[in-house]
Amino acid sequence: MTKSILLIDTLHPQFIKTIEAAGISIREGYHLSKEEVLQEIQNHQGIAIRSRFAIDADFIEKATTLKCIGRAGAGMENIDLLAAQKAMIICVNAPEGNRTAVGEHALGMLLMLFNNLLRADKEVRQGFWKREENRGVELAGKTVGIIGFGQMGKSFAQKLRGFDVKILALDPYVKIDKNEFPFVEQCTEQVFFSECDVVSLHIPLTAETKYMVNAAWIQRFAKPIWFINTARGKNVDTQALVDGLKSGKIRGAALDVLEYETLSFEHIDNQNLPSPFQELCAMEQVVLSPHIAGWTHESNEKIARILAEKMIKILI
């Protein structure tokens with residue numbers, strides 16, 4: 001019998017091309033509601049999703065023919081992995097597809113912070129030519145701490161190699177291969193919090209990491225830090241971050257993700273944005289982008305192809 005996959009989020013055409021070339025059929029269900037997807041899923045062995053809705057335990061219990069769930073991207077927080085495991089459904093993602101984009105974006109945001117580029121650009125466009133006020137800071141000689149050394153953390157480390165920085169990595173779940181990353185020092189929390197000048201998050205959103213960046217966490221650093229988050233918005237308590245920026249414990253922040261994003265990452269609630277976000281927007285030492293770190297034209301194709309290849313291996 002021909003295997004089939006229900007595709008409920010729009011992906012790069014390479015996904016369908018790769019799947020169909022392997023002899024697996026595709027049903028495109030981009031506009032189906034969650035209830036309609038539940039009815040349709042009974043006809044398929046695989047489902048591919050980005051972030052349109054949560055695949056929870058109830059969904060998995062009703063999807064009796066399902067063998068594989070593919071998440072187009074890196075994070076898996078919108079899938080109940082434990083329920084899937086109990087149902088013997090294999091879950092795969094494609095962090096290899098957007099790791100380069102995320103690493104480059106994090107580095108770009110950091111350089112914007114260090115060189116006041118956001119403010120300087122705005123001022124020049126308004127006719128102001130302020131050189132001394134926009135004197136920058138060099139990255140060379142700084143200690144950059146990476147929290148989470150998976151695909152994204154490794155990519156960011158690679159991008160930093162030419163900047164003459166010391167790189168520290170904090171990840172209790174990974175043993176770093178010194179042959180592959182001789183330029184990275186896997187360190188203890190004590191070393192990390194005492195030495196970092198820059199901290200970049202590259203962690204999933206789990207019960208352990210939700211609001212990990214809070215007031216107590218920020219106070220642990222011996223020096224004021226620049227902070228980067230290209231991971232998940234709810235890794236960070238925004239009010240604590242704002243307070244850290246006000247006090248000077250955080251010298252600047254680059255945020256590609258926000259606590260206030262919807263599950264799909266497609267929107268923020270523009271009508272009810274709380275005061276911490278409004279304060280962030282008014283701060284010149286803050287750089288913001290709309291969850292696009294892994295959102296390049298190249299990563300779009302790579303994610304689709306890699307996810308398709310992983311799902312094919314499971315279904316055939």
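Where a number appears in this text, it was derived from the coordinates with a stated rule and is not lab data. Owing to the predicted nature of the structure, the values given are computational and were not obtained by experimental measurement. Positions of Cβ are generated from backbone atoms using ideal geometry, with glycine treated the same way; all protein chains shown enter the neighbour counts.
Listing for the model above:
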| read-out | value |
| --- | --- |
| Ranking of L117, L307, L258 by count of other Cβ atoms within 10 Å, fewest first | L117, L258, L307 |
| Estimated FRET transfer efficiency (E61, H31; beta-carbon r; R0 41 Å; 0.05) | 0.95 |
| Distance between modelled label sites at E208 and S4, nm, 7 Å Cα→Cβ extension | 4.0 |
| Long-range amide H partners of A48 with built H, under 5 Å | L6, L7, I8, G70 |
| Amide H partners (placed H, <5 Å) of M76, local residues excluded | L205 |
| DSSP-defined antiparallel bridges as percent of all bridges, the range 99-288, nearest 5 | 5 |
| Sorted peptide list for 6-12, 293-299, criterion being average Cβ within 10 angstrom, highest first | 6-12, 293-299 |
| Within the chain, helix-based [θ] at 222 nm, where runs of 4 or more DSSP H residues each add -39,500 (n - 2.57), nearest 500 | -10500 deg cm²/dmol |
| Fluctuation leader among R125, R305, R135 - the chain, Gaussian network, Cα springs under 10 angstrom | R125 |
| Proximal lysines relative to K17, as straight alpha-carbon distance under 21 Å, when same-chain residues fewer than 8 apart are discounted | K3, K67, K302, K310, K313 |
| Degrees separating the helix 297-315 axis from the principal Cα axis of the chain, which is the longest one | 40 |
| Placed amide H near A254: partners under 5 Å, 5+ positions off or other chain | F227, I228, N229, V287 |
| Which of H31, H202 has the fewest Cβ neighbours within 10 Å, and the rest in rising order | H31, H202 |
| Relative intensity, log₁₀ I(q)/I(0), of the range 99-288 from a Debye sum that treats every alpha carbon as a point, q = 0.11 Å⁻¹ | -0.49 |
| Sequence-distant lysines (8 or more away, or on other chains) whose Cα lies within less than 21 Å of K122 | K130 |
| Chymotrypsin sites (Phe, Trp or Tyr not before Pro) within the range 118-227: DSSP coil, no more than 16 neighbouring Cβ in 10 Å | F128, W129, Y173, F183, Y211 |
